[in-house]
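The values are calculated or read from the model by the stated rules, or taken from the named source; none is laboratory data. For clarity, every value in this text was computed on a predicted model and none was experimentally measured. All Cβ positions, glycine included, derive from the backbone under ideal geometry; neighbour counts span all protein chains shown. Note: accessible area is taken over every heavy atom of the protein model, side chains too, but ligands, DNA and RNA are not part of it. Shrake-Rupley method; radii C 1.70, N 1.55, O 1.52, S 1.80 Å.
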Amino acid sequence: MTDFNTLGLSEQLVARIASEGYETPTPIQAKAIPLVLEGRDIMGLAQTGTGKTAAFGLPIIDMLLANGGKPAPKAVKTLILAPTRELVNQIAENLRIFARKTPLKVNIVVGGASINRQQHQLSGGTDILVATPGRLLDLLDRKALNLSAVRYLVLDEADQMLDLGFIHDLKKIASMVPDERQTMLFSATMPKTIAELSKRFLTNPERVEVSPPGKTADKVEQAVHFVSGKNDKVEILRQELTNNPEGRAIVFLRTKHGAEKLMKHLESRGFATASIHGNKSQGQRERALKAFKTGEINVLVATDVAARGIDVPGVTHVYNYDLPEVADAYVHRIGRTARAGKEGKAIAFCTPEETALLRDIQKLTGIEITIASGEPHATMERPARGNSRGRGRPGASGKPARRARPSANGAPRDNGQRDGQRDGQPRDAANRSRPAKNRRPRNRQGDRRQSA
Ligand code: AMP
């Protein structure tokens, strides 16, 4: 088995991470670290939870230390871009642990926090800057930093950044970074847009793939309740939570409004719960996450964007209270559980209106989701949203249906569903947005999903 000593990292760094429990590299680390140390550009296809932060973070830290030299005032040597504040915080937290007892300075730049303070921190120069694109551009406008000394550029969760409409921001930022640089792009999925992005940003990249896109976490036991409506969802969820008092659960909803309402309901029924979504301030989100991590609460009600990339150990259950409108999001959601070799359960609810979404998920993952209760809705038979493939309804043979049948292959349409909360929303989108009263609802809930 590979160990960290064989990857080319410095002894000090290997010793440092060993004291943090990093003894055996994960597959993406074993593959990517030697390549990054060689100076190669990387196109990494890996989901969150696979150890990708260390896969790019460790070699970058070693290379920065080997090259030495303090960054000039306002200069940045490494730029890591990520879609959400939570992910930025998490990446920076990990990197600070790896870089402890070194002179390397790790800074973060995210919306929802004082821009003046960030400007001040950048003034002394930064070895590693972890940022969301929008706030970074604001600070660049203020000339709080310059990117002309960037040697390493990392785009993390690139698919999510594109989903959130950050493409123009990314292009703008990339144009300010020297061509002479090493670039690493990580994405959980590989839609055409990511392939195009990688062509544009990467030079002769080495592709590193640890888990095919759409592959759901192996250890996650998945089940679906076919329900007739919202009331059934609430009732089953309450039962599930009551039956698992020791569990630690994340409940995913599509909308901010829905998440808040459910959180309040659960709270009124005595569950220790908090919510995390785009209408929550940065402080509220951080407090909710902390309470969840420490076990003060054991139910976190969340929307996709707010929870993306969040790494909380010991999540036992993921509830897909609403099915996501993009099948990829299902894979991300259930990846919150069964981490670090532990087992986990992913329980979905499916109303008749959500049948096409379930079908998309089954197409993407290629698996049968076991039925926990109810019968597949008759609408399972209808082709998914203008897509004539994937016919066939579980139980259509006349035999009792206990499993939802995997459907024919075919990529889901990326219709960009999201709570829309993000840090540093793309500026073009922000400039284009209409006054609230003129806005049309964008989804079935009628939640227009504004940025935080
Ligand atoms: P990431 O995918 O980078 O968010 O990492 C997921 C989790 O796995 C984080 O909590 C890391 O600290 C942990 N982790 C990553 N690599 C290793 C490793 N080689 N050994 C032990 N834990 C790891």
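Annotations for the structure displayed:
- Peptides 196-205, 294-303, ordered by how many other C-beta atoms sit within 10 Å of their residues on average, highest first, read 294-303, 196-205.
- Accessible surface area normalised per residue over region 65-139 is 37 Å², counting heavy atoms of protein chains with a 1.4 Å rolling probe.
- Summing charges over neighbours of residue 287, with a neighbour being any other residue whose Cβ is under 10 Å away from its Cβ, gives +1 when K and R count +1 and D and E count -1.
- Formal net charge of residues neighbouring residue 115 (Cβ-Cβ distance under 9 Å; K, R +1; D, E -1): +2
- Under-5 Å amide H pairs with residue 312, H placed in peptide plane, nonlocal only: none
- Working note: Karplus 6.51/-1.76/1.60 with θ = phi - 60° gives region 123-128 the couplings 4, x, x, 9, 7, 10 Hz, where Gly and Pro are set to x.
- For residue 31, the lysines whose Cα falls under 16 Å of its own Cα, not counting residues fewer than eight places away in the same chain, are 52.
- Within the accessible surface of region 149-270, defined with a 1.4 Å probe on protein heavy atoms only, the carbon and sulfur portion equals 47 percent.
- Separation of alpha-carbon centers, region 27-71 and region 113-127, rounded to whole Å: 25 Å
- Highest average packing first - 234-244, 92-102, Cβ atoms within 10 Å: 92-102, 234-244
- ³J(HN,Hα) computed for each position of region 316-330 - Karplus, 6.51 cos²θ - 1.76 cosθ + 1.60, integer Hz, glycine/proline x: 8, 9, 10, 9, 8, 4, 10, 6, x, 7, 10, 4, 3, 4, 4
- Candidate aspartates and glutamates - alpha carbon under 20 Å from residue 230, same-chain residues fewer than 8 apart omitted: 240, 260, 267, 304, 322, 325, 353, 354, 375, 419, 447
- Above-threshold pairs, the threshold being 21 Å between Cα atoms, out of 77/172; 171/280; 219/363; 192/256: 171/280; 192/256
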